[in-house]
1. What share of Cα pairs, in percent, lie more than 13 angstrom apart in the range 330-373?
2. For the chain, treating each Cα as an identical point scatterer without solvent, what Debye log10 I(q)/I(0) comes out at q = 0.09, 0.14 1/Å?
3. At residue 300 and residue 28, where each label point lies 7 Å from the Cα along Cα→Cβ, what is the point-to-point distance in nanometres?
4. Can you give the Kirkwood hydrodynamic radius of the range 30-128 from its Cα pairs, in Å with one decimal?
5. Would you mind pulling out the separation of the Cα centroids of the range 7-53 and the range 361-393, in Å?
6. Taking the number of other C-beta atoms within 10 Å as the exposure measure, put 242, 17 in order starting with the fewest.
7. What distance in nm separates the two pseudo spin-label positions at residue 236 and residue 96, each 7 Å out from Cα along the beta-carbon direction?
8. How are the C-alpha pair distances of the range 286-393 spread across 5 Å bins, as whole percents from the shortest bin up?
Ligand code: 3PG
């Protein structure tokens, strides 16, 4: 159910779960993207006359009150984005604060993870939250992989609805892996295979090609007998890498590995680098980016694809020139998307940063701000926060 299923909202107390777990420095929000994403849902509920009570977590305080993890400074950032007053209260102050709310008011409650019952999904805490509202809206896809009291338990205690961001996110993801237009190509990069084993296993069974990039490609190359020298590599995962390769072959999925690489002896801006074939990495050097021939190969796969899903950069993109492959592939995917030839869905913290760095995040069909939740979705797992919205209780 979405907000379209709600007929009358005037005077209703809407408990809205959002993910405003935003990066902060010196008490100020440094990237307000997540706030901007949920702002339309807050504004819609408020404009329709509801009393909007925001529930959100911040960091990982583990059931304790930690002053640096208070959501209070985030309230002003929400206020700025919304251009609307945002009140603030702790859970102990919530009943009084809500009693004073006028229709259309917005109130942010303190970090849900200060409550010991939150991460335990304690039904008593969910009941306590439920007593504060008339209905529940979940707009926090990026926290939906957590079965916590405010993301899961509460959905069973009040009429529950998906917010606008949750709705958009689920529709985009459905286009990416649910009922995608084939061929589907996945780009999976990042440093370590160990964090993405389930994801690769799931993808090779579902998509037509998986392009493996970043540090994790080195583990595959090493498993194939290539000496990657000083490159980041999980040698103990050679068997796992071979298993993934075998699964891909069985499923008829192409596993695309780099054929050339940009290498250097240290990971530092301005470090002298050269391009070599992956089987000719000089002694003591490390692979820091995919080379130009690999980029061409990746572009050919993007060219062939009707759907692209992307998680993880292709090289150490934070430092030039090791951002070349990621930027080239991202720009090419953006071009194909812009002319309507590709549905491109990307997600994960580093991926969003990489696409922003390439200046093309806005050109992708959909860029998810979710980290862990996006990975769980790519692994084909059910997200408890989403499932709870579907439940009939
Ligand atoms: C995120 O930043 O990915 C979400 O806010 C979830 O945070 P968590 O990983 O601490 O549950």
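Bear in mind that the values in this text are calculations on the coordinates, not laboratory data. Everything numeric here is computed off the predicted structure, so don't read it as measured data. FYI the Cβ positions are ideal-geometry reconstructions off the backbone, even for glycines, and counts take in every protein chain you see.
1. Details: 439 of 946 pairs.
Cα-Cα pairs in the range 330-373 separated by more than 13 Å: 46 percent.
2. Relative scattering, expressed as log10 I(q)/I(0), comes to -0.58, -1.14.
3. So the two model labels end up 4.9 nm from each other.
4. Numbers: mean 1/r = 0.0709 Å⁻¹.
Across the range 30-128, the inverse of the average 1/r is 14.1 Å.
5. The range 7-53 and the range 361-393 have Cα centres spaced 19 Å from each other.
6. Ascending number of Cβ neighbours within 10 Å: 242, 17.
7. 5.4 nm
8. With a bin width of 5 Å, the distribution comes to 2, 12, 21, 21, 19, 11, 6, 4, 2, 1, 0.
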